[in-house]
Every structure is written in C-alpha cells, then in structure tokens.
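Structure, as structure tokens:
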Amino acid sequence: MAEGGPGRFRNYRENRFSLRSRESSRPCKFYIQGNCSYGENCRFRHTDTNHRANQEDHPGFQAEQNEARIESKPNALRESKPKESTGESETDLKFASGACSISSVEDWVNAPEFFPSGMDSPKTYAEAVSSLSKSSKEVENEASNASYPQTDGAYGPFCVLCDICNEMPLDPNNEEERRKHVSECIKRHERDMELSFAIQRSKDKACGICFEVIMEKANGEQKFGILPNCNHSFCLSCIRKWRQAKHFDNKIIRACPECRVSSDFVCPSIYWVESKEDKEKLIVDYKEALSAKDCKYFLKGRGKCPFGNKCFYKHAYPDGTKADVGPPVRQRRQNADGEVAVFRQVSFLEKQSKEIMNFVIKFLSFLKLNSETGRKMNRLLQVKFNFQLDIEILKSKEKQLYKQ
Amino acid sequence: MANIAAQRIKREFKEVIRSEEVAKCAINVELVNDSFTELKGEIAGPPDTPYEGGNFVLEIKVPETYPFNPPKLYLNKIHVRFITKIWHPNISSVTGAICLDILKDQWAAAMTLRTVLLSLQALLAAAEPDDPQDAVVAKQFRECRDIFWQTARHWTHVYAGGKFLLNRWYK
C-alpha cells in the first residue's frame, strides 16, 4: 500500500502527541502566526485566548472543520495528489467522523488530509518564509518567554536548550543564568571561529626555505616562525637555521630570505598570523611567556647574559628580585678582511676559552708564528668551537716573546 | 645529501621545468646524476647583447647544506661555473668562475635555481666592470667597448653557437 509509509509515521506522531497531552495547555506559537503544520495534532493549544481550548476533545467538530477546509483549500495544493484519490478522501472523511470517537489512535489511516488553518487567508511567500525561517527551537523559546504562568517545578514544564551550544539546558525564568551562559557560549563560539579561520589561513602556507607546506610537515615541525617586520611564511626550524648560518653578515641572516627586511627575532606560532593586530598580540604573548622563564645565560646572577636588557628571558636573582643588567655587551673586532664585525661574547665558554687561549699561545710561540696567523685561526675556531681568541692578548704576548 | 637539500632541489627542479622561462627557452635545467647534487643549467643569451643567440651551459653543484650555507666556503658552495666559454667582465674567460654577489655573501635561503639562473642572465645583460672577475675583459669593456663587443660576439659564435653578426654596434 502506498499509504503505508507516511501512515506509520503519522501513527507514531499521534501516539507521541497523545502522551504529551499536558503540554496542550501552552499556546502554539505557529498557530498564533497562522501556519502550524501539525494542525489539530499539535501538542500545543490552538487558540488565541488564554482559556483552555477543547476542540480536540470533539472529533465531530474536528471532522466538520476539516471538511470545511477541504472545500475551501486552494487548488494548487491539491494538484500534487493523484486525482482518483479525491473521491477516496471524501469516503475516508465520513468514516473518520464516525471512528474518531472510538479510537483516536487507530483512525490515522482514514484521517482527512490536513491543511493548516493559515492557508485560508492567502499569505505571501516572503511572509511564510520569514515566519518559517525561525528555528522551531527559537519559537519554542519565545513561546516559553511569553507571559505564560509557570505551574510546574523550577525548570518549568520543559527545559530550554541553549540555542548556541544546543546542549546546556536553561531555565527560561532565570535571566541571569541565561545571559551568563549565552555570553560564555558566544565567547566559545568566537574562539572556535577564530581557530577555524586560523587553520584556513595556515593550511596551505609553504615555507620559503624548504618549500614544504608547513601544516603538512612531520609532527613537531608544524610550527610557523613569524618575522615581526614582514609577511613571509617560514617554518620555525628553517628560519632559525637560516638565522644561525655562519659566514654571512649579520645583516644578511637577520633579514627575511625573501624580501631582505630585517627582523630582530623570530616568534614561534602554531598558526599563520598575517594581520598587524594579530601579530602584535602574538608577539606580546610570546614575550610575556619568555619573561617568565629564567635566562640560561644569566643563571640567576651566576652568569652573564650577552643580550643584556634586550634579553626576553627573566633576569632575576634567586631571592626573586629583578636584576638590572645594562645594555647588551658587544665586542668589536676587525676580521681578516679589515671589516669591522660585531661579535657577542659567549659566556659559557669563558673558562674553557682561557685554557684554550693559553694552549694556542704556547703553540703559536712554538711555531714562531705571529698574531696574523692567530687572526686566521680565529675564523676556524669560531666555526668549530664558537669562540674567538683575543687578538689584543695575542699581540701583547707576541711583543713579550719578541723581547725575549 | 641532507634531506632538506634533496627535497628542495627536487621541488626547484620541477618548478624550473614548469616555469614560463623554460617554455620560452630562456633557461633550462637538466639532471646530471640521480642524487640531485649535480645539475646542468642552460641560459640563453639575452637579446640586444653580444650574447644574443648563444646558449650558455653551466655546471651547478648543490652543497649538502643547501639552501642555508654560504656559497663562499668550500663545503657550502653552490658551485655554478660556466662550461661554455664567455667573454664577460664578471666571468673569468679562463675558468668560467662567476662574480655574482648572490652566489657569495648576498645569498638568501629563499633563492632558487630559477632565480639564480635568471640573475646570471641579467648579469650578461648588465655587466659590472667595477667589480670584475676578469681584469682583461673589464679593462677592454671600459676602454674600447666596440672591440669588447666584437670579441664577445665572436666568442658567442665560436663557443655558444650564436650567429655571427659583423656590423652590430654595442651601445
């Protein structure tokens, strides 16, 4: 039978609604708007006034009403139905008017087709859509907000789910709780949105050095290295490696490999950051996070940080007082080509470097070499051990040697 | 070969092959071995220069530390040497060594085979006699430009397969 499918559904619906008959004491929002699709089967009250409606208690009245609607309904709506079924529906109707009083559960098969009451008065498409576009939950919400007197427990006859998260049941009467939850919900929603935008932004950004898509790299390498002064994307490992490259001028390695705009530091980030505000926020957060960590050069006062007060890390003594270390210590030195290069002192090698110095000086005097060779050796030492000989000391030693 | 260098050269190779310059026969790259450590590059002589019509072949050696390390050092050098002989103030007429800042201290990690080859092509079009590699060529370039032009034209004809044009004047 063709009617089997929808019929079963309708049976279920009717059963369901008969169980919830107590809810029929509430006014139906859709009915008030004039287009409730459940019609007489609606679990809410179909009346404009506050007193309890009792039409559904009288099947005869219902049938009459339906008959009247069938006659008056627009032709357009009937076209969808096969023509031969029109006669059937009339006989069904007669049957229904008799059977309804016996059992309202079993007569669903014969129930006349329902047409909403609102169809009587022609509505424009826009009107119909605008009222339907509201989600049913929203309407329920509105209905519950209406001046309907609460009779049941603290949460009323039913709880209203938050219409943002769709999870949190809310007491329609507790305004404060509602507002609080909604604002939390909106914040969470905004966070989620920002995250998905960030992923969208980042997902096809390729590193300008290894040329790989950063989000598709191996685990642990999917980090962006953000340069504060330009908008070129690199993975953190690549840009850090580039900035540590030896034998280039500081000017070259501190510049962006793509545009040569110089940046003083690289800021790690999980997502790609492009807009100025976002970048500023990221940098502030980054500096804040670093300033909570102890500087590995300062060592709570035991060491010396080459970056001085430019260092992002915490410079504090063991008792917690913050240390004021002056500007970064820099050593000016002329390299073999006569260019002035600026080198940072490396503190952790200081002790060893003295020993190495002594050894090298002895070695050089043994070979009867001059400070020029020491200068050349410096380049080698810097590559291998990241430390330089002090040329001045070498020269003075040299003078002493020659005097002898 | 370090993973990053191999990966990058593979990508760059694809990039060059697909680039419009290859389509216009301005540059080309070919593999010499399977490991991507050695490549053969080709650039066409730019128009309105004595090198026009010539096809200049280069030997490109990719260091293990590519693309990070300085081309200056023996280990870390991206070694681009002209195999085809050329008469140019910034290229040694004997060894084919190139004097180009981006192959030395001005290198940047974001530069690619394609940009290097295009820079070389630009160098052919705009010589820098003040920073010469070949002093003889540079002197000739500065002092008697027409003879320089004819010599360069002749070398292009003999070594790079360019047409022999007698009466072109170098501006």
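The values are calculated or read from the model by the stated rules, or taken from the named source; none is laboratory data. Just so you know, these numbers come straight off a predicted model, no measurement behind them. Virtual Cβ from ideal backbone geometry, glycine too; neighbours counted across all protein chains shown. Quick note on the areas: whole protein, heavy atoms, side chains included, nothing else; ligands and nucleic acids left out. Shrake-Rupley method; radii C 1.70, N 1.55, O 1.52, S 1.80 Å.
Before moving on, here are some points about what is shown:
- Coarse-grained scattering of the stretch B:94-135 at q = 0.19, 0.21, 0.25 Å⁻¹, given as base-10 log I(q)/I(0) from a Debye sum over alpha-carbon atoms: -0.61, -0.73, -0.99
- Point-to-point label distance, residue A:323-residue B:30, nm (Cα→Cβ direction, 7 Å offset): 6.3 nm
- The residue A:182 and residue B:102 beta-carbon pair, evaluated with R₀ = 45 Å, returns a calculated FRET efficiency of approximately 0.15.
- Listed residues A:307, A:265 arranged by accessible area, highest first, probe 1.4 Å: A:307, A:265
- Sorted largest first, extent of the stretch A:146-288 alpha carbons per principal axis (Å): 83, 27, 20
- Cut-off 18 Å (backbone N to label point 7 Å along Cα→Cβ of residue B:21), residues of the stretch B:106-129: B:106-128
- Note on residue B:95 and residue B:14: their simple-model spin labels are 3.7 nm apart, each label 7 Å out from Cα toward Cβ.
- Estimated distance in nm for a label pair at residue A:265 and residue A:218, the labels positioned 7 Å out from Cα along Cα-to-Cβ: 2.9 nm
- The stretch A:217-304: C-alpha gyration tensor shape, a/c 1.5 cut-off, then a/b vs b/c: oblate
- Taking amide H atoms as placed 1.01 Å from N in the peptide plane, the amide H of residue A:226 lies under 5 Å from those of A:267, A:269, each 5 or more residues away in sequence or on another chain.
- Cα gyration tensor shape for the stretch A:155-206, rounded if a/c is under 1.5, else prolate or oblate: prolate
- In the stretch A:250-273, the residues whose accessible area drops by at least 40 square angstrom when the other protein chains are added to the isolated chain are A:252, A:257, A:260; the probe is 1.4 Å and only protein heavy atoms count.
- Per-pair calculated FRET efficiency, R0 = 51 Å: residue A:193 and residue A:244 via Cβ, rounded to 0.05: 0.85
- Interface area, A with B, accessible, probe 1.4 Å, both sides summed, Å² nearest 100: 1600 Å²
- Using the Cβ-Cβ distance between residue B:40 and residue B:157 with R0 set to 30 Å, the FRET efficiency works out to roughly 0.85.
- Inter-part distance where the stretch A:247-275 and the stretch A:180-215 are each reduced to a Cα centre, Å: 22 Å
- When the solvent-accessible area of the stretch B:87-154 is split by element, carbon and sulfur atoms take up 53 percent of it, the probe being 1.4 Å.
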